[in-house]
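Just below is one structure, and these are the notes that go with it.
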Amino acid sequence: MKMSLGYYLKKITALNQFIDEMDPKAREEIANGCGAKDALFDFVPDTPLGINLKPPCGKHDVSYKIGQNNEDKLIGDLLFLIYMTLKVIYSRKNKATKILGFKIAMDYFIIVHFKGKKAFYANKK
């Protein structure tokens with residue numbers, strides 16, 4: 001894998017643009033919000049602390065559906081982290097809530113990055 005920041009920023013930007021240009025209905029069919037699609041309970045909130053993380057979760061779902069290899073998984077995970085971070089920054093919350101929001105975003109990222117391989121490779125040949 002490459003280690004250049006510029007390389008990853010280009011890949012993340014291209015993935016984000018591709019997802020944004022998808023047919024909205026197709027995107028919605030893939031996106032299921034935050035948390036595992038096959039979980040018995042929906043215990044991962046879409047709006048922790050009132051910060052709407054459903055859009056970043058949806059993009060992450062799409063990235064896992066279209067990705068093909070470990071690098072694609074990493075790019076999808078990084079897009080997820082960046083988008084969640086921006087949602088926290090631009091939320092109309094106080095500083096203490098934003099600090100907790102950053103922690104939650106990092107927790108979501110860590111979980112998918114280190115535990116998401118099964119979900120990423122599901123239904124792939």
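The values are calculated or read from the model by the stated rules, or taken from the named source; none is laboratory data. Note that the structure is predicted; figures quoted are calculated from it, not measured. All Cβ positions, even for glycine, are placed from backbone atoms using ideal geometry, and neighbour counts span all protein chains on display.
Of note:
- Residue in region 3-19 that is among the polar types (S, T, N, Q), at pLDDT below 95 and out of contact with any Asp or Glu (no Cβ under 9 Å at 6 or more places or on another chain) present: yes
- Filtered by the rule that a residue be free of Cβ contacts under 8 Å to residues at least 24 places away in the same chain and either surrounded by 16 or more Cβ atoms within 10 Å (Cβ to Cβ) or under 13 Å from Ile66 (Cβ atoms) (or both), region 7-16 gives a lone residue, Ala14.
- Any pair with Cβ under 9 angstrom, 6 or more apart, that starts in region 70-83 at a residue that is acidic (Asp, Glu) and ends at one that is assigned to a helix (DSSP H, G or I) and surrounded by fewer than 19 Cβ atoms within 10 Å (Cβ to Cβ): Glu71/Lys11; Asp72/Lys11; Asp72/Ile66; Asp77/His113
- Identity of the residue in region 33-74, of a type outside the set (Asp, Glu), within 13 Å of Ala119 (Cβ to Cβ) and in a loop (DSSP other than H, G, I, E, B), that ends up modelled with the lowest pLDDT: Ala39
- Within region 62-87, tally of residues that are out of contact with any Ser or Thr (no Cβ under 9 Å at 6 or more places or on another chain), crowded, with 22+ Cβ neighbours inside 10 Å and under 13 Å from Tyr108 (Cα atoms): 1
- Taken together, Lys118, Lys95 contain a single residue that is modelled with pLDDT under 95, of a type outside the set (Gly, Ala, Ser) and more than 11 Å from the chain's Cα centre (by Cα), which is Lys118.
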